[in-house]
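All remarks here apply to the structure that follows.
Nothing in this text is a laboratory measurement; each read-out follows from the coordinates by a stated rule. None of these values were measured; they are calculated from a predicted model. Here the Cβ is made from the backbone with ideal geometry for all residues, glycine too, and neighbour counts use every protein chain on show.
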Amino acid sequence: MAEQIQNIPIFIMGKRYDVPPSLTIMKAMEWAGYALIRGVGCRGGFCGACGTVYRIKDDPKLYFGLACQTVVKPEMYLAQIPFFPAKRASYDITKIKAEPVTLFKLYPETLRCLGCGTCTKACPQELDVKGYMAAAMRGDITAVATMSFDCIMCGLCSARCPAEEPQYNIAILSRRLYGRYLAARSEHLEKRVTAIQAGKYDSEINKLKAMSLDELKQSYKARDIEPQ
Amino acid sequence: MTYTPEMMELIKVVEATRPQRVGQRFPSMTMEEREQVLDSFHPDYIKANMREIRVGVNKGNRMPLELADVLEGRPRISPDFDLSQPEFSTDVLVIGGGGAGSSAAILSSESGAQVTLVTKLRLGDANTMMAQGGIQAADRPEDSPSIHYLDVLGGGHFTNYPDLVEALVKDAPGVIQWLENLGAMFDKLPDGSMYEEHGGGTSRKRMHCARDYTGAEIMRTLRDEVRNRSNIDVIEFCAAVELVLDDNGKACGAVLYNMETEHYFYAQARAVILATGGSGRLHYQSFPTTNHFGATGDGLVLAYRAGAKLVFLDTMQYHPTGAAYPEQILGQLVTEKVRSLGAQPVNIKGEQFVYPLEPRDVEAAAFIRECSARKLGITTLSGQPTVWLDTPMIDLIHGPGTVAKALPAMARQYKRFYIDMAKEPILVYPTLHYQNGGARINVDCSTEVPGLFIAGEVSGGVHGRNRLMGNSLLDVCVFGRRAGVAAGAYIPGVTVGLPNLSHVAAWNMELDQAGMNGAIHSPILLPNYTRTV
């Protein structure tokens, strides 16, 4: 038999399991017998369901990662934070304005940020959370929106924040304000929507719908392809 | 860094041919060549991996073995389940918390209806969240909904339902506008016009994107909006296990299941919107999948037992570029946008072998052919066949920093495994991605069952036998919205009769008569990945 790769010990919520060293934390938990319901979502690094805190034996530092994207390490002590009860403000996007005061009214705690950077250390996306919170305190909605864009809303920033900030919720409010009110409007889009509503393309599409299969195939073959 | 020394040697071959390949366009296939490669190499065409379903409306239709097994499953509850005391009553019950369910909830709430959205995992745990590359809409002056229509039909081998395609392409620009008004941030040029690229099978650039977080951006915006609406209740970790019909055959709610307390209960509604998504986690033909954890085809099971007709379920989409190395990310999505931006698929000799943007089924079949019949793939240590996707071409074509700016999610995924995709090519192979077919719907998402509306990946017909990139995010928004509007218009005046599960009793009887003992209880709700010792 070929040389066997040694399993390594990991500690899931304090309990030891010996698992193959090539597995992600998520697959290692399943290998150990956990049928996951919480703490698992897209399994591809996009949904933020599997935020995980871990520590390595004899190292006091806490590390953060997504269970679906992080490979196990020997003597890893881990726990998942699949849900964090951070505050979320409700609002009517059509009735608020893209002004600093909107952020401060909906999230007055924004101004309580200590600038300690613990959030940045906790971010599995390696975003500059502290930086966008500083922008939020300045009321710079555009900066918050662009700096936070890759946020997957896992909540690890909030979980670690000594000032109890819901950073990721402040971030999505800013992105929505930016997207609706601050981004330059797309003229060609508005024109097209109006033209469709006026029925401008109905006859063309009806013509296509009335075609025989052969005619359709011919039209398809005859399409001119816009160059790359 | 995680590439083996042998792979590093092979990368040199790719690097050697790269300069001459930049700007060199591999010819696209003729219709006949497309059919040939599909017939010989696409997984849908392997007859041994399909069988006829033995019970229900689609009896005799072929579909993947794994799906037929689940559809023929035994119900999780008895037909005698007590429906006399609903745990709650609502106007519109939305089942599913992805892009379609959320769009439906928002639009039906706008009609004034009281909406309850139930979802098996968290709100937003859905394939929508994971769609990276883009969303199609013909809104540039060079483009038109009719050109989009023709692209969709050709991509679907002219099998698509024309009315549904018409709805898709005509609603598309309005959907982009709606999303933008909700605050979704699309990539734009400085003057505000949309930045748009090609996708496989498009004849115009109409792929709108939000970096490579397009689906995530749409999903988190919709999720935030759902939570802002006071007349939408959301219940997470709550699956639907059976539809409930009244004595007139109208849908009037569902039996739900609390995933955590394992409690079953009846929720009554005047209309039901089914938006449960796809079924990649059934791992057809043992393929890995890009799909989220809950994609187990539950909605197909529920709709089928209630009498809805299923269409095009003998065709699944295998995304050409699933990550094939390192093994930890096997099967995860490498967005088509990587090819839209110029990365070419190349074989072990560093040669192009297929036009990079064929429709997905054709592209995937060509990858499989390169590895199997032509033996020009690259095999990893675990025996996985792969081809190169030459990602360093992107920065060569568009300038340094393009990968980092346009593909941050992809770059991040590879960086976690010490691969710099801006400098090193990556290894890919087709992965199970999408359920092309589903429950047959009308343009307003209504079905054979009165009061039951169906939208999104669980529905079928709009994509025919093959969906193009960027038409799924579009589909969930277009038909999610339509379902919401239709349900809102349907409920006034609807009175719920006597709720019952007689269709479940009839189903059991049909299974018994066919002599099927049904080892599987379905819907299965979640895949089981725990180790069996």
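May I have the extent of the alpha carbons of region A:8-80 along their three principal axes, as whole Å values ordered from largest to smallest?
32, 25, 19
Provide the descending list of Cα extents for chain B along its principal axes, expressed in whole angstroms.
Its Cα atoms span 72, 56, 43 Å along the three principal axes.
Taking just the alpha carbons, could you work out the radius of gyration and Dmax for region B:1-128, both in angstroms?
When restricted to Cα atoms, region B:1-128 yields Rg and Dmax of 25.3, 73 Å.
Over region A:100-182, consider all pairs of different Cα atoms and compute the Kirkwood hydrodynamic radius from their mean reciprocal separation; express it in Å, one decimal. Don't skip to the answer; put the middle values down first.
Numbers: mean 1/r = 0.0821 Å⁻¹.
Kirkwood radius, region A:100-182: 12.2 Å.
Over all directions, the average projected area of the alpha-carbon convex hull for region B:388-491 comes to how many nm²?
9.0 nm²
Tell me which DSSP H helices of chain B clear both cut-offs, 20 Å or more of axial length from alpha-carbon atoms and a mean Kyte-Doolittle hydropathy of at least -1.0.
Helices passing the filter in chain B: B:5-21, B:162-181, B:214-228, B:471-490.
Once both labels are modelled 7 Å past Cα along the beta-carbon direction, what's the B:LYS59-B:SER286 spacing in nm?
Inter-label distance under the simple model: 3.3 nm.
If you add up the charges near A:TYR34, with Lys and Arg at +1 and Asp and Glu at -1, over every other residue whose beta carbon is less than 13 angstrom from its beta carbon, what do you get?
Here the charged neighbours net out to +3.
Mind checking the angle between helix A:167-177 and chain A's longest principal axis? C-alpha axes, 0 to 90 degrees, to the nearest 10.
Between helix and principal axis, roughly 10 degrees.
What FRET efficiency, computed as 1/(1 + (r/R0)^6) with R0 = 51 Å and r the Cβ-Cβ distance, is obtained for B:HIS263 and B:ASP420, rounded to the nearest 0.05?
Rounded to the nearest 0.05, the efficiency is 0.55.
Could you list the residues of region B:210-246 with an amide nitrogen less than 17 Å from a label point located 7 Å from the Cα of A:THR146 in the Cα-to-C-beta direction?
So the set is B:210-212.
Over 23 Å between Cα atoms: which of B:LYS12/B:LYS423; A:LYS61/A:LYS87; A:LYS191/B:LYS337; A:LYS27/A:LYS73; A:LYS15/A:LYS73; B:LYS205/B:LYS337 fall into that group?
Those over the limit are A:LYS61/A:LYS87; A:LYS191/B:LYS337.
Under the Kirkwood approximation applied to all pairs of distinct alpha-carbon atoms, what is the hydrodynamic radius of region B:225-330 in Å?
16.4 Å
Counting Lys and Arg as +1 and Asp and Glu as -1, each charge on the Cβ, what is the dipole of the protein assembly as shown about the Cα centre in debye, to the nearest 20?
1200 debye
Answer with one residue from B:THR17, B:GLY174, B:CYS238: the one whose Cα lies farthest towards the positive end of the charge dipole of chain B, charges on Cβ with Lys, Arg +1 and Asp, Glu -1.
Of B:THR17, B:GLY174, B:CYS238, it is B:THR17.
With each run of n ≥ 4 DSSP H residues scored as -39500 (n - 2.57), what mean residue ellipticity at 222 nm is computed for chain B after dividing by its residue count and rounding to the nearest 500 deg cm²/dmol?
After summing the helix terms and dividing by the residues of chain B, the value is -10000 deg cm²/dmol.
How big is D, in µm² s⁻¹, for region B:152-259 by Stokes-Einstein at 25 °C and 0.890 mPa s if Rh is the Kirkwood radius over C-alpha pairs?
The Stokes-Einstein estimate is 139 µm²/s.
To the nearest Å, what is the center-to-center distance of region B:47-67 and region B:366-434, using C-alpha atoms only?
35 Å
In Å and from the alpha-carbon atoms only, list the Rg and Dmax of chain A.
Cα radius of gyration and Dmax of chain A are 24.9, 73 Å respectively.
Assigning unit charges at the beta carbon (Lys, Arg +1; Asp, Glu -1) and nothing else, what dipole magnitude in debye, to the nearest 20, does region A:100-182 show about its Cα centre? Present the calculation step by step, with values, prior to reporting the outcome.
On the way: 9 positive and 7 negative charges, 36 e Å.
Taking the Cα centre of region A:100-182 as origin, the dipole is about 180 debye.
Just name one of A:GLN125, A:ALA171, A:ILE152: the one whose Cα is farthest towards the positive end of the charge dipole of region A:100-182 (beta-carbon charges, Lys/Arg +1, Asp/Glu -1).
Highest projection toward the positive end goes to A:ALA171.
Pull out a ≥ b ≥ c, the square roots of the eigenvalues of the alpha-carbon gyration tensor of the protein assembly as shown, then state rounded if a/c is under 1.5, prolate if not and a/b is larger than b/c, and oblate in the remaining case.
Rounded shape, in that the Cα axes give a/c under 1.5.
Between region B:171-221 and region A:84-149, how far is it from one alpha carbon centroid to the other, in angstrom?
If you average the Cα positions of each part, the centres end up 24 Å apart.
Search the structure for amide H atoms under 5 Å from the amide H of B:VAL94, placed 1.01 Å from N in the peptide plane, and list their residues when 5 or more places away or on another chain.
For B:VAL94, whose amide H was placed from the backbone, the distant partners under 5 Å are B:THR116, B:LEU117, B:VAL118, B:ILE273.
Report the calculated FRET efficiency for A:ARG16 and A:ILE37 (r = Cβ-Cβ distance, R0 = 22 Å), to the nearest 0.05.
My answer for the efficiency is 0.45.
Please report, in whole Å, how far the alpha carbons of region B:428-467 spread along each principal axis, starting with the longest.
Projected onto its principal axes, the Cα set of region B:428-467 covers 44, 14, 12 Å.
Relative to the Cα centre, what is the charge dipole magnitude of region B:439-515, using +1 at the beta carbon of each Lys and Arg, -1 at the beta carbon of each Asp and Glu, and rounding to the nearest 20 debye?
With only Lys, Arg, Asp and Glu charged at Cβ, the dipole is about 320 debye.
Can you give the net charge of the other residues whose Cβ lies under 15 Å from the Cβ of B:HIS292, counting K and R as +1 and D and E as -1?
That sum, taken over residues with Cβ under 15 Å, equals +3.
Between B:GLU6 and B:MET509, what length in nm is gained on full extension when 0.36 nm per residue of separation is reduced by their alpha carbon distance?
175.2 nm
Counting partner chain Cβ atoms within 10 Å of every residue's Cβ in A:188-201, what's the average? List each step's numbers first, then the result.
Numbers: counts 11, 13, 4, 3, 13, 10, 2, 4, 10, 3, 0, 1, 2, 10.
Mean partner shielding for this stretch: 6.
Can you give me the P(r) profile for region A:180-228? Cα pairs, bins 10 angstrom wide beginning at 0, each as a whole percent.
19, 29, 34, 13, 4
Along the charge dipole of chain B, pointing to its positive end and built from +1/-1 on Cβ of Lys, Arg, Asp and Glu, which listed residue (B:SER286, B:LEU330, B:LEU381) has its Cα farthest out?
B:LEU381
When the helices in chain A are scored as -39500 (n - 2.57) per DSSP H run of 4 or longer and the sum is shared across all residues, what 222 nm value do you end up with, to the nearest 500 deg cm²/dmol?
Result for chain A: -10000 deg cm²/dmol, rounded to the nearest 500.
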